[in-house]
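The values are calculated or read from the model by the stated rules, or taken from the named source; none is laboratory data. Remember, it's a predicted structure, so these values are computed and weren't measured experimentally. Cβ: placed from backbone, ideal geometry, glycine included. Neighbour counts: every protein chain shown. Ligands, DNA and RNA are stripped out before the accessible areas are found, and what is left, the full protein with its side chains, is counted by its heavy atoms. Shrake-Rupley method; radii C 1.70, N 1.55, O 1.52, S 1.80 Å.
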Amino acid sequence: NFNAGKGGVFALEWVTGQHIRSYFFPRNSIPQDIWDQAPNPDNWGTPYARFELNDWTCPTGHFKNNQIVFDTTFCGDWAGSTFPQTCTGSTSCVDYVKYNPSDFQEAYWLLNYVRVYNRA
């Protein structure tokens, strides 16, 4: 569905000492303020994830010096451990990836842009 819909926008709001909110907007539902490069998360409705930052649930100190990372992990903790039950005929996820490179020709990221905003 993601590719068929020509992607969309992932947005994350991090307000130090308050919360982190995550959003996804399919291409046909991107808020106008994002198109205008003046994002206002308070107008975006319910996020798909929200994490309260405070001393008793999730201390603010856990989040600092963050980096944006794009990663395609073929055989991580989850996929590597479930591979034998879901993909019979191969000895392991690592071997499958190693010996079937043509199966991963379409495994890549295509980004139009990455923008980072700070509140004024």
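Some observations on this one:
- Mean separation of Cα pairs under 8 Å and 6 or more residues apart, divided by the residue count, gives segment 51-100 a relative contact order of 21 percent.
- Count Lys and Arg as plus one, Asp and Glu as minus one, and take only other residues whose Cβ is under 15 Å from that of GLY80; the net charge is then -2.
- When its C-alpha radius of gyration is set against 2.2 N^0.38 Å (N residues), segment 1-54 gives a value of 1.22.
- Note on ASN3 and ASN54: the model spin-label points, each 7 Å out from Cα along the C-beta direction, lie 4.4 nm apart.
- With every protein chain in place, segment 1-110: carbon and sulfur % of accessible area (1.4 Å): 53 percent
- Computed about the Cα centre, the dipole magnitude for segment 17-69 is approximately 180 debye when only Lys and Arg (+1) and Asp and Glu (-1) carry charge, each at its Cβ.
- 1.4 Å probe accessible area per residue over the chain, in Å²: 81 Å²
- Charge dipole of the chain (Cα centre as origin; +1 on each Lys and Arg Cβ, -1 on each Asp and Glu Cβ, all else neutral): 180 debye, rounded to the nearest 20.
- In terms of overall dimensions, the chain has a Cα radius of gyration and Dmax of 18.8, 56 angstrom.
- Computed log₁₀ I(q)/I(0) - Debye formula, equal Cα scatterers, no solvent, segment 49-120, q 0.11, 0.25 Å⁻¹: -0.55, -1.19
- From most to least packed by mean Cβ count within 10 Å, the peptides 11-22, 35-46, 99-110 give 11-22, 35-46, 99-110.
- Per-peptide average of other Cβ atoms within 10 Å, ordering 76-87, 58-69 highest first: 76-87, 58-69
- Maximal additional length on extending the GLN67-ASN118 stretch stands at 16.9 nm, based on 0.36 nm per residue less the C-alpha distance.
- Segment 68-120 versus segment 1-42: alpha-carbon centroid distance in Å: 23 Å
- Averaging the sequence gap over all C-alpha pairs within less than 8 Å and six or more residues apart, then dividing by the number of residues, gives the chain a relative contact order of 16 percent.
- Projecting the Cα atoms of TYR23, PRO84, ASN54 onto the charge dipole of segment 1-118 (Cβ charges, centred on the Cα centre) puts TYR23 farthest toward the positive pole.
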